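The values are calculated or read from the model by the stated rules, or taken from the named source; none is laboratory data. What you see is a predicted model, and the numbers here were worked out from it, not measured in a lab. FYI the Cβ positions are ideal-geometry reconstructions off the backbone, even for glycines, and counts take in every protein chain you see.
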Amino acid sequence: GRKRYDRIWLGARLLTLDGAGPGLGAIENGAVACRDGRIAFVGREADLPGGWDAAERVACEGRWITPGLVDCHTHLVYGGDRAHEFELRLAGASYEEIARAGGGIVSTVAATREADEDALVGAALPRLDALLAEGVTTIEIKSGYGLDVATEMKQLRAARRLAAERPVSVTTTLLGAHALPPEAKGDKAAFIDLVCREMIPAAANAGLADAVDAFCEGIAFSTDETARVFEAAKAAGLPVKLHADQLSNLHGARLAAHHAALSADHLEHTDDEGAAAMARAGTVAVLLPGAFYFIRETKVPPVALFRRHAVPMALATDCNPGTSPLTSLLLTMNMAATLFRMTVDECLAAVTREAARALGRLDEIGTLSVGKSCDLAIWNIERPAELVYRMGLNPLHARVWRGR
Ligand SMILES: O=C(O)CC[C@@H]1NC(=O)NC1=O
Ligand SMILES: [Fe+3]
């Protein structure tokens, strides 16, 4: 029968990101068509089926179309901000001094506990709008500033609410094991009990979390404590991710891989054994150059090791008030190329296909492929490298989410 599309974008240059191998899957004189919010055709215009028709035709005049961008690691929902702390650090205060003065994560925890759900949604919207303006169509949002059951659920509900306020897909992650709250009085074992026995079941039973994450670091939780969180997540049927090897090599990447984690994130200090374990497990390396830059880290993540072991590499803003107040995935790509020496092709795959893989959603999003959600970013650029090269100028022409 006749192929009838709801909308078709014609005269475009496509980056499908659909090739399994290197390269961007570029197609000149291309077309993308959608029906019921899903991609129904992608390819050369010349290959459109005979007799096709469309309710709406969009002339792209040679503009480039990529998959909608995916920000696969953010802490977008939180109360207050840490601008004052930024000033203290500029005046020479150390993290430890700031933490002792009640700064750091626990100051954001106080502000988040105080804010009601509407306030958390309201505070996150401007940050979300900045990302949508650059063509983001899917975003991952973590909790982790509640550190008690009620506030962690409040953060996750606020994250879900954002998907009702804007045309965007939101995946949520419970990050209960982010830091020790003041009332824990240093008793980490008891707090991990709370995370495992109350937070994870509550989030799973309420359908509020799509995954579980933890901060495995000297200043946070040990590999044994992290393993307990992973076991509880598995018992609740939730996939896991991990903030791993950010400031030291606790072999967090290896632990994440041994638990078949969707991703291990940060990874500045990951070693060859960790990269090999990730490759065997299919765990995605999520690199976060915003945090590296903002805390003036000097050890770059081992991109050469990830390439050697064919570990998929994703990029994300890690938008959070303490170490990465960054709301630009385009600038994130520039930082990854400039600071980590990732290539243009690696960066573009890292904010589309590989970011979708890091969320376990490559079957739905991340490439221009028939059957996937028709999430597109349409760009006023002459060549793909412009998306990584520029700092600050946003060349987005239009954003499409589920065909609209
Ligand atoms: O400082 C904050 O508010 C979050 C810090 C952030 N969380 C984490 O696990 N690693 C980080 O860099
Ligand atoms: Fe993070």
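Restricting Glu97, Glu114, Glu61, Glu85 to residues that are at pLDDT below 95 and away from ligand 1 (no atom under 14 Å from the Cβ) narrows the list to Glu97.
Of the helices (runs of 4 or more DSSP H) lying entirely inside the stretch 86-173, those carrying at least 3 residues that are under 22 Å from Leu208 (Cβ atoms) and over 23 Å from the mean Cα position of the chain (by Cα) are 105-114. For the stretch 299-311, the set of residues classified as surrounded by fewer than 24 Cβ atoms within 10 Å (Cβ to Cβ) and either in contact with a Phe, Trp or Tyr (Cβ under 8 Å, 6 or more places away or on another chain) or modelled with pLDDT under 95 (or both) consists of Val300, Val303, listed by residue number.
Could you say whether any residue in the stretch 340-350 is part of a loop (DSSP other than H, G, I, E, B), without any contact (Cβ under 8 Å) to a residue 12 or more places away in the chain, within 24 Å of Ala31 (Cα to Cα) and away from ligand 2 (no atom under 16 Å from the Cβ)? No: zero hits. State yes or no: is Arg383 within 16 Å of ligand 1 (Cβ to nearest atom) and surrounded by fewer than 18 Cβ atoms within 10 Å (Cβ to Cβ)? So Arg383 fails the test. Picking from Ala209, Ala227, which residue would you name as being in contact with a Leu (Cβ under 8 Å, 6 or more places away or on another chain) and either closer than 21 Å to Thr270 by Cα or away from ligand 2 (no atom under 16 Å from the Cβ) (or both)? None of the other options fit; the residue is Ala227. Just one of the listed residues (Ala264, Ala279) is free of Cβ contacts under 8 Å to residues at least 60 places away in the same chain, more than 14 Å from ligand 2 (Cβ to nearest atom), closer than 23 Å to Asp345 by Cβ and of a type in the set (Gly, Ala, Ser), and it is Ala279. Quick check, is Val149 away from ligand 1 (no atom under 16 Å from the Cβ) and either in contact (Cβ under 8 Å) with a residue 60 or more places away in the chain or hydroxyl-bearing (Ser, Thr, Tyr) (or both)? Taking the combined requirement at face value, the residue does not satisfy it. Of the residues making up the stretch 314-323, those that are in a strand (DSSP E or B) and out of contact with any Pro (no Cβ under 9 Å at 6 or more places or on another chain) are Ala314, Asn320. Considering only residues in the stretch 172-196 that are in contact with an Asp or Glu (Cβ under 7 Å, 6 or more places away or on another chain) and within 18 Å of Ser107 (Cβ to Cβ), the one that is surrounded by the most Cβ atoms within 10 Å (Cβ to Cβ) turns out to be Leu175.
Of the residues making up the stretch 324-339, those that are among the β-branched types (Val, Ile, Thr), outside any loop (DSSP other than H, G, I, E, B) and within 30 Å of Ala111 (Cα to Cα) number 1. Considering only the stretch 115-133, I want to know if a residue exists there that is free of Cβ contacts under 8 Å to residues at least 40 places away in the same chain and either within 16 Å of ligand 2 (Cβ to nearest atom) or over 30 Å from Val400 (Cβ atoms) (or both). So far as the stretch 115-133 goes, yes, one or more of its residues are free of Cβ contacts under 8 Å to residues at least 40 places away in the same chain and either within 16 Å of ligand 2 (Cβ to nearest atom) or over 30 Å from Val400 (Cβ atoms) (or both).
Does the stretch 247-256 contain at least one residue that is in contact (Cβ under 8 Å) with a residue 12 or more places away in the chain, hydrophobic (A, V, I, L, M, F, W, C), touching a Cys at 6+ places or on another chain (Cβ under 9 Å) and in a loop (DSSP other than H, G, I, E, B)? Checking the stretch 247-256: at least one residue is in contact (Cβ under 8 Å) with a residue 12 or more places away in the chain, hydrophobic (A, V, I, L, M, F, W, C), touching a Cys at 6+ places or on another chain (Cβ under 9 Å) and in a loop (DSSP other than H, G, I, E, B).
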